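Notes follow once the structure below has been shown.
The values are calculated or read from the model by the stated rules, or taken from the named source; none is laboratory data. For clarity, every value in this text was computed on a predicted model and none was experimentally measured. Note: ideal-geometry Cβ built from the backbone for every residue, glycine included; neighbour counts use all protein chains shown. Heads up: the accessible areas ignore ligands, DNA and RNA and are worked out on the full protein's heavy atoms, side chains in. Shrake-Rupley method; radii C 1.70, N 1.55, O 1.52, S 1.80 Å.
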Amino acid sequence: MSSGTHSVQEANFDSIVGPTHNYAGLSPGNVASSSNQGEVSRPREAALQGLAKMRSLAEMGLVQGWLPPHERPDLELLRAEGFSGDDSTLLATAAEEAPHLLARASSSSFMWAANAATVAPGTDTEDHRLHMVVANLQTMPHRRIEAPSTQGILRRVFPDESRVQVHAAIRGDGLTDEGAANHTRLANRDDAGIHFFVYGIGDDPTTGPKKFVARQTLAASRAVADLLRVPESHRVFAQQNPVAIDAGVFHNDVIAVGNQNVLLFHEHAFLNQDSVLGRLDRALDGSLIPVRITAADVSLEEAVGSYLFNSQLVTLPDGTMALICPSECRETPAVSDLLDRLVAREDNPIDQVRVFDLRQSMRNGGGPACLRLRVPLDEKDLQSVHPPCLYSRDRYDRLVAWVEAWYPEEIRDSDLADPTRLVSVRDALDALTKILELPGLYAFQR
Ligand code: SUG
């Protein structure tokens, strides 16, 4: 299926980190989340680090957008769990009786926009519309609550249903879906893309991980592919190597990243690696450029510690590619050496490495690629995006000032039950909806 003259350009929509960003150790199997549990977090710094990355990518000539944070704490979650009373009473009793629930209700985990949805552009779909399927995030209790707000936000940011269809999250037994973190679109320029879905557990449960949970099932990936309306011929499914999941690779984007026809991956990323690469290459008419990193170059542990593969691989306006890495990559000697060799090698189009300090997010297991949702858009799709959610220097400056005005410098466990903080979060979000021209976005405003 060729898309003819119809071409798409990738936009990155990063979520703005929320004012309750904290380290609650909520994600077993995510090494950074578990090891930083209880550390003091720095929400203001976290949000500014994320915004600085957005600005740099926009200044590199890429299309950049932003998504507003969800309201946290999520008092509905506490009410659904049987807590009652006014907001302050609710928070105080939950803090006293069920601090784990309060932690779930307060997480800023929506900030990892790669888990917001899975996306297929109109060039690739049977009805030529862009489709997005909101991720259900069923595996982790603190992330299960994200889908309805994500859906509401995406529908406001992409309001033209004739161009972009935002599907509700899939539901059903065994359908656990983590969105674009387990999906990669590969394509020769202007051709319809190949949709590469990576799952942790398939039809044979004995092949799954032993220590940690597999967050994505094959059945879920198939259901998502159906909703995206990607032709069968353009779907490739592959199972994650369970050894990698047990080493802390809780999403495929912690061990592989693709862009155009390039796939950068660790040799332990996939089960039956040769067959997976063969299928991808055939689907791309023999043009796949696989960049395989061996365990001798970078061990699984170094890959998980540095988040090398959670880099963004982007095409710059001049057609060359850049790898957007977290600073931990330069602090891990084997990874830093590998990066230098990778850029020097002639067998791939990766020409430069750009390093970003995203430590606040990294301490919860979220690198550059986790923070963004890739949305390939054609010209008309782009025009249909809610304009204030696309980067402009002026609005960027207003967002920075907004963060500086409202975000706490630090959060400790004990701060989560403070009702004055709740009020200031709502005032902050109220102000944000003015900057982003999204009146009534939050339930408390309606
Ligand atoms: O789901 N961390 C997130 C990190 C998600 C990273 N996203 C991608 N790889 N695309 C998660 O494990 C930690 C929250 C805490 O422990 O406070 C957390 O939810």
Inside segment 227-276, can you point out the residues that are of a type in the set (D, E, K, R), assigned to a loop (DSSP other than H, G, I, E, B) and touching a residue at least 60 places away in the same chain (Cβ under 8 Å)?
Arg229
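Quick one: how many residues across segment 173-212 are in a loop (DSSP other than H, G, I, E, B) and not charged (D, E, K, R)?
Taking segment 173-212 as the starting set, the residues that turn out to be in a loop (DSSP other than H, G, I, E, B) are 173-178, 187-190, 192-193, 200, 202-204, 208-212.
If we keep only those that are not charged (D, E, K, R) as well, we get 174-176, 187-188, 192-193, 200, 202, 208-209, 212.
Residues flagged as in a loop (DSSP other than H, G, I, E, B) and not charged (D, E, K, R) within segment 173-212 amount to 12.
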Ala244 meets each of (1) within 20 Å of Gly367 (Cβ to Cβ); (2) open to solvent by 30 Å² or more (accessible area, probe 1.4 Å) with one exception, condition (2)
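Go through segment 9-35 and give me each residue that's within 24 Å of Ala244 (Cα to Cα) and open to solvent by 30 Å² or more (accessible area, probe 1.4 Å).
So in segment 9-35, the residues within 24 Å of Ala244 (Cα to Cα) come out as 23-35.
Correct list: Leu26, Pro28, Val31, Ser34, Ser35.
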Of the residues Ala225, Ala238, Ala244, only one is among the hydrophobic types (A, V, I, L, M, F, W, C) and under 18 Å from Ile170 (Cβ atoms); which?
Ala225
I'd like to verify a number: residues in segment 392-426 that are at pLDDT 95 or above and either in contact with a Phe, Trp or Tyr (Cβ under 7 Å, 6 or more places away or on another chain) or in a helix (DSSP H, G or I) (or both), how many?
14
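Only one residue in Asp347, Asp357, Asp340 is of a type in the set (D, E, K, R) and more than 18 Å from His266 (Cα to Cα). Which one?
On the way: Asp347 fails: more than 18 Å from His266 (Cα to Cα); Asp340 fails: more than 18 Å from His266 (Cα to Cα).
Within the list Asp347, Asp357, Asp340, the selection yields Asp357.
Can you give me the ranges of the helices (runs of 4 or more DSSP H) entirely in segment 1-100 with at least 2 residues that are in contact with an Asp or Glu (Cβ under 6 Å, 6 or more places away or on another chain) and more than 16 Å from the ligand (Cβ to nearest atom)?
On the way: elements: 31-35, 43-59, 75-80, 87-97.
The helices (runs of 4 or more DSSP H) meeting that bar are 43-59.
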If you go through segment 153-171 one residue at a time, do you hit one that is more than 29 Å from Thr320 (Cβ to Cβ), touching a residue at least 40 places away in the same chain (Cβ under 8 Å) and within 16 Å of the ligand (Cβ to nearest atom)?
no
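Of the residues Arg345, Arg372, which is among the basic types (Lys, Arg) and free of Cβ contacts under 8 Å to residues at least 60 places away in the same chain? Show your work before the answer.
On the way: Arg372 fails: free of Cβ contacts under 8 Å to residues at least 60 places away in the same chain.
Of the residues listed, the single one that is among the basic types (Lys, Arg) and free of Cβ contacts under 8 Å to residues at least 60 places away in the same chain is Arg345.
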Which condition breaks for Pro368 when tested against (1) in a helix (DSSP H, G or I); (2) within 16 Å of the ligand (Cβ to nearest atom)?
(1)
Would you point out the residue of segment 126-150, among those that are over 15 Å from Leu373 (Cα atoms) and not in a loop (DSSP other than H, G, I, E, B), that is most open to solvent (accessible area, probe 1.4 Å)?
Pro148
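Hey, among Leu338, Leu288, which residue is modelled with pLDDT of 95 or more, surrounded by 14 or more Cβ atoms within 10 Å (Cβ to Cβ) and within 17 Å of Asn261 (Cβ to Cβ)?
Values: Leu338 fails: within 17 Å of Asn261 (Cβ to Cβ).
From the options Leu338, Leu288, the qualifying one is Leu288.
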Inside segment 325-356, can you point out the residues that are touching a strand residue (DSSP E or B) at 6+ places or on another chain (Cβ under 8 Å) and within 20 Å of Met54 (Cβ to Cβ)?
Cys325, Pro326, Ser327, Cys329, Gln352, Val353, Arg354, Val355, Phe356
Would you mind finding the one in Val257, Val236 that is within 16 Å of the ligand (Cβ to nearest atom), within 27 Å of Phe13 (Cα to Cα) and not small (Gly, Ala, Ser)?
Val257
So Ser109 fits all but one of (1) crowded, with 24+ Cβ neighbours inside 10 Å; (2) farther than 18 Å from Arg372 by Cα; (3) among the small types (Gly, Ala, Ser); what number is the exception?
(2)
Among the residues listed as Ala192, Ala187, Ala116, Ala180, the single one being hydrophobic (A, V, I, L, M, F, W, C), within 13 Å of the ligand (Cβ to nearest atom), in contact with a strand residue (DSSP E or B) (Cβ under 7 Å, 6 or more places away or on another chain) and closer than 18 Å to Arg235 by Cα:
Ala180
